[in-house]
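The values are calculated or read from the model by the stated rules, or taken from the named source; none is laboratory data. Small disclaimer: the values here were computed from a predicted structure and weren't measured. Please note: Cβ atoms are built from the backbone with ideal geometry, for glycine as well, and neighbour counts cover all protein chains shown. Just the protein is used for accessible areas: all its heavy atoms, side chains included, with ligands, DNA and RNA removed. Shrake-Rupley method; radii C 1.70, N 1.55, O 1.52, S 1.80 Å.
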Protein chains: 2
Amino acid sequence: MKYCSECANPVELMVPAGDNRPRYVCTHCATVHYQNPKMVLGTIPVWERDGEVRVLLCRRAIEPRYGYWTLPAGFMENNETTADAAERETQEEAGANITLGPLFALLNVKHVHQVHMFYLATLRDLDFAPGEESLDVKMFTESEIPWDELAFPTIHTTLECFFADRARMLEGGSYGFHTQDITRPMRGDS
Amino acid sequence: MKYCSECANPVELMVPAGDNRPRYVCTHCATVHYQNPKMVLGTIPVWERDGEVRVLLCRRAIEPRYGYWTLPAGFMENNETTADAAERETQEEAGANITLGPLFALLNVKHVHQVHMFYLATLRDLDFAPGEESLDVKMFTESEIPWDELAFPTIHTTLECFFADRARMLEGGSYGFHTQDITRPMRGDS
């Protein structure tokens, strides 16, 4: 940020009176331009038949992490709820028809000022297809998950939690709600 | 937003190529200025002695809702996790020493582009005092809660869920994780 979005004069990075953090402050109209973390919303789209569980992943057609696999997810927009955003991203990136379940994971990625959240979801049919931001969309059993080709640490963690819960469900457990802080950067991560 | 924060030229509200929503786009350098929902983080600070449960509330010394009661909460900042933000706001607004518990509620307030989250917290001592943004800080039993003088619908909903869970805990239940969409505006709400 170099200029004030209200009056076009230069901004300066300074601690405003009564505050304790540096902010971009307009040298002319004194507007303080706050910057806050963003939410990334997605789903774990599940297809379950004959005791076999498959999860839908998308291969990214955009940077960062072009060519790597991800759960369908993206930035939450104004005028939508977290559930709206998760459903929209699943439709946009995977063309998938889902029934949304409960919120499954909330992951803090503070070094990039983001909070990632994933809802459980059930695929209603197999009529999915890659959207503009995906090269491919495919279903994977646990043993087929391309663990070394996942796009982001939050995808890795969410899938780990998901399959751990599934294992516990064989002994009568149920899905939990998982919160975790992601500190490890991934190969090629900024 | 009137001017581009990168080059100071005017912005126009338009749907960028390949997008499907109106954004502020710079007429000169073509930067797209995205606007996303913000997170508000807070706690439910609990003091429990001799079977009596009290919750700490702050009386707001700032607009909106000056003079109304709230759980300690505020906007999450860059470079912090949701838990960091909840703890910081509790310290800033109530001067309270807490041990943070699990995330208790996530509430979508889409008409103001916000997501509110509240963590359970245990007060470590009674050394609390109003911060700059509070007129008063006080503990309330369920029957003492000033239901008609609460600042925001999300505070109302979170306290309702909290005391409902407490009632269920008498029959062997435990705290749940609650997600809800807030659509009803409160008196005087914009």
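Quote the FRET efficiency, to the nearest 0.05, computed for residue B:113 versus residue B:49 with a Förster distance R0 of 25 Å and r equal to the Cβ-Cβ distance.
0.05
For the stretch A:1-24 and the stretch A:75-90, what is the separation of their Cα centres, given in Å?
Cα centroid to Cα centroid, the span is 30 Å.
If you take the square roots of the eigenvalues of the alpha-carbon gyration tensor of the stretch A:1-52 and sort them as a ≥ b ≥ c, do you get rounded (a/c under 1.5), prolate (a/b over b/c) or oblate?
Judged from the Cα gyration tensor, the stretch A:1-52 comes out prolate (a/c at least 1.5, a/b above b/c).
If the cut-off is 17 Å between C-alpha atoms, which lysines fall inside it for residue B:2, apart from same-chain ones fewer than 8 positions away?
Partners found: A:2.
If each label sits 7 angstrom from Cα along the C-beta direction, how far apart, in nm, is residue A:51 from its counterparts in the other copies?
Shortest to longest, the spacings are 5.0 nm.
To the nearest whole number, what is the average tally of beta carbon atoms from other chains within 10 Å of the beta carbons of peptide A:74-82?
6
Residues in the stretch A:59-76, backbone N under 15 Å from the label point at residue A:88 (7 Å along the Cα-to-beta-carbon vector): list them, ranges by number please.
Residues A:73-76 qualify, since their backbone N sits under 15 Å from the label point.
Residue A:138 label point, 7 Å along Cα→Cβ, cut-off 12 Å on backbone N: hits in the stretch A:30-70?
A:57-60, A:68-70
What average number of partner chain Cβ atoms lie no more than 10 Å from the Cβ of the residues making up B:84-93?
Per residue, the average neighbour count from other chains is 1.
Which of B:146, B:37, B:16 ends up with the largest GNM mean-square fluctuation for chain B, with Cα atoms connected below 10 Å?
The residue with the greatest mean-square fluctuation here is B:16.
Provide the convex hull volume over Cα atoms per residue for the protein assembly as shown, in Å³.
Given the Cα convex hull of the protein assembly as shown, per-residue volume reads 161 Å³.
Using unit Cβ charges (K, R positive; D, E negative) and no other charged atoms, how large, in debye to the nearest 20, is the dipole of chain B about its Cα centre?
For this selection, approximately 620 debye.
With a 1.4 Å probe and all protein chains left in place, how much of the accessible area of the stretch B:1-58 comes from carbon and sulfur atoms, in whole percent?
Result for the stretch B:1-58: 45 percent of the exposed heavy-atom area is carbon or sulfur.
Select from B:16, B:70, B:154 the residue farthest towards the positive end of the dipole of chain B; place +1 on Cβ of Lys and Arg, -1 on Cβ of Asp and Glu, and compute about the Cα centre.
The listed residue farthest towards the positive side: B:16.
So what is the calculated 222 nm ellipticity per residue for chain A, using -39500 (n - 2.57) for each DSSP H run with n of 4 or more, over all residues, to the nearest 500 deg cm²/dmol?
Taken over chain A, the calculation gives -5000 deg cm²/dmol.
Only four residue types carry charge here, +1 at the Cβ of Lys and Arg and -1 at the Cβ of Asp and Glu. Report the dipole size of the protein assembly as shown about the Cα centre in Debye, rounded to the nearest 20.
480
Points 7 angstrom from Cα along the Cβ direction at residue A:97 and residue B:20: gap in nanometres?
Distance between the two pseudo-spin positions: 1.7 nm.
Counting DSSP beta bridges in the stretch A:68-190, what percent are antiparallel, to the nearest 5?
65
Hey, can you find the accessible area per residue of the stretch A:38-181 for me, probe 1.4 Å, expressed in square angstrom?
The answer is 43 Å² per residue.
What do you reckon, how do A:14, A:169 stack up by accessible area (1.4 Å probe), largest on top?
Reading off the accessible areas and sorting them downward yields A:14, A:169.
At 1.4 Å probe size, with no ligands or nucleic acids counted, give the accessible surface of residue B:113 in Å², nearest ten.
Answer for residue B:113: close to 60 Å² accessible.
Straight-line reach from residue A:38: which aspartates and glutamates fall under 13 Å, measuring Cα to Cα and dropping same-chain residues less than 8 apart?
Result set, ordered by chain and number: A:77, B:77, B:80.
Does the stretch B:38-181 come out rounded, prolate or oblate, given a ≥ b ≥ c as the square roots of the eigenvalues of its C-alpha gyration tensor, rounded meaning a/c under 1.5 and, failing that, prolate meaning a/b above b/c?
Note, shape of the stretch B:38-181 comes out rounded.
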